[in-house]
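A.B. asks: The structure follows.
The values are calculated or read from the model by the stated rules, or taken from the named source; none is laboratory data. Just so it is clear, the model here is predicted, and its values are computed rather than measured. Cβ atoms come from the backbone with ideal geometry, glycine included; neighbour counts cover every protein chain shown. Side chains included, ligands, DNA and RNA excluded: accessible areas come from the protein's heavy atoms. Shrake-Rupley method; radii C 1.70, N 1.55, O 1.52, S 1.80 Å.
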Amino acid sequence: EQYQIVDLPDRSGRATAPGIGGFVDAARVEEGRLRVEGWAGDLKANAPAARVLVFVGAREVMGVDVRVERPDVAAARRAAAMRDSGFQGTVPFASAGGELRAFARTADGRYGELKISGRARDEFARTR
């Protein structure tokens, strides 16, 4: 397996592995709180990720465990093990400049960047 060292927004230089991914399905700011939802996993092993790190610009604003039921993901991937691949989190958030990015971390410490859905990107831009 090929690993690539990628400078995460916090400049930690963590290694990313192919096949680690998922999506941020929703991201919005309401009443001074950022809410992010989506799913993440090891797409080769069909196993949920352990945690998702969310960044705005160079600042890590949230770390959330992956354990929300996502039967839609399990069905789409035809993998029952992906049922608990969802995440959601809410944290206090003061409007800040920068792009929204998210990274999945597996239980064994591998990282992969999540895709941000168009809806989530637009919603975040509109509400922050």
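A.B. asks: Mind checking which residues of segment 73-95 are out of contact with any strand residue (DSSP E or B) (no Cβ under 8 Å at 6 or more places or on another chain) and either of a type in the set (Val, Ile, Thr) or in a loop (DSSP other than H, G, I, E, B) (or both)?
C.D. replies: If the condition is that a residue be out of contact with any strand residue (DSSP E or B) (no Cβ under 8 Å at 6 or more places or on another chain) and either of a type in the set (Val, Ile, Thr) or in a loop (DSSP other than H, G, I, E, B) (or both), then Arg78, Ala79, Ala94 are the ones that fit.
A.B. asks: Next up: Take segment 47-65 and flag every residue that is over 21 Å from Pro18 (Cβ atoms) and without any contact (Cβ under 8 Å) to a residue 40 or more places away in the chain.
C.D. replies: Once the filter is applied, which keeps residues that are over 21 Å from Pro18 (Cβ atoms) and without any contact (Cβ under 8 Å) to a residue 40 or more places away in the chain, segment 47-65 yields Val61, Met62, Gly63, Val64, Asp65.
Let's see how each residue does on (1) modelled with pLDDT of 95 or more; (2) closer than 14 Å to Arg35 by Cα; (3) touching a Pro at 6+ places or on another chain (Cβ under 7 Å):
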| site | (1), (2), (3) |
| --- | --- |
| Pro92 | no, yes, no |
| Ser95 | no, yes, no |
| Gly109 | no, no, no |
| Ile116 | yes, yes, no |
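A.B. asks: Which of the residues belonging to segment 103-128 are of a type in the set (A, V, I, L, M) and touching a Gly at 6+ places or on another chain (Cβ under 6 Å)? Steps first, answer last, please.
C.D. replies: Going residue by residue through segment 103-128, those that are of a type in the set (A, V, I, L, M) are 104, 107, 114, 116, 120, 125.
Correct list: Ala104, Leu114.
A.B. asks: Go through (1) modelled with pLDDT under 95; (2) open to solvent by 50 Å² or more (accessible area, probe 1.4 Å) for Ala75 and report which single condition fails.
C.D. replies: Answer for Ala75: the failing condition is (1).
A.B. asks: Looking only at residues in segment 36-55 that are open to solvent by less than 10 Å² (accessible area, probe 1.4 Å) and assigned to a strand (DSSP E or B), which one is farthest from Pro92 (Cα to Cα)? Explain how you work it out, then say what you get.
C.D. replies: First pass over segment 36-55, keeping only residues open to solvent by less than 10 Å² (accessible area, probe 1.4 Å): 36, 38, 40-41, 49, 52, 54-55.
Still in the running and assigned to a strand (DSSP E or B): 36, 38, 40-41, 52, 54-55.
On the way: Val36: 12, Gly38: 19, Ala40: 23, Gly41: 26, Val52: 17, Val54: 13, Phe55: 13 Å.
Applying the filter and picking the extreme gives Gly41.
A.B. asks: Can you tell me which residues in segment 80-95 are free of Cβ contacts under 8 Å to residues at least 60 places away in the same chain and either open to solvent by less than 10 Å² (accessible area, probe 1.4 Å) or out of contact with any helix residue (DSSP H, G or I) (no Cβ under 6 Å at 6 or more places or on another chain) (or both)? Full working, then the answer.
C.D. replies: Initially, segment 80-95 is screened for residues free of Cβ contacts under 8 Å to residues at least 60 places away in the same chain, giving 80-84, 86-91.
Matches in segment 80-95: Ala81, Met82, Asp84, Gly86, Phe87, Gln88, Gly89, Thr90, Val91.
A.B. asks: Tally up the residues in segment 96-108 that are more than 13 Å from Gly57 (Cα to Cα), open to solvent by 30 Å² or more (accessible area, probe 1.4 Å), in a loop (DSSP other than H, G, I, E, B) and touching a residue at least 24 places away in the same chain (Cβ under 8 Å), please.
C.D. replies: Residues flagged as more than 13 Å from Gly57 (Cα to Cα), open to solvent by 30 Å² or more (accessible area, probe 1.4 Å), in a loop (DSSP other than H, G, I, E, B) and touching a residue at least 24 places away in the same chain (Cβ under 8 Å) within segment 96-108 amount to 1.
A.B. asks: Could you grab me the full set of residues in segment 56-72 that are under 17 Å from Glu113 (Cα atoms) and either open to solvent by 30 Å² or more (accessible area, probe 1.4 Å) or assigned to a strand (DSSP E or B) (or both)?
C.D. replies: First, pick out the residues of segment 56-72 that are under 17 Å from Glu113 (Cα atoms): 56-66.
Val56, Ala58, Arg59, Glu60, Val61, Met62, Gly63, Val64, Asp65, listed by residue number.
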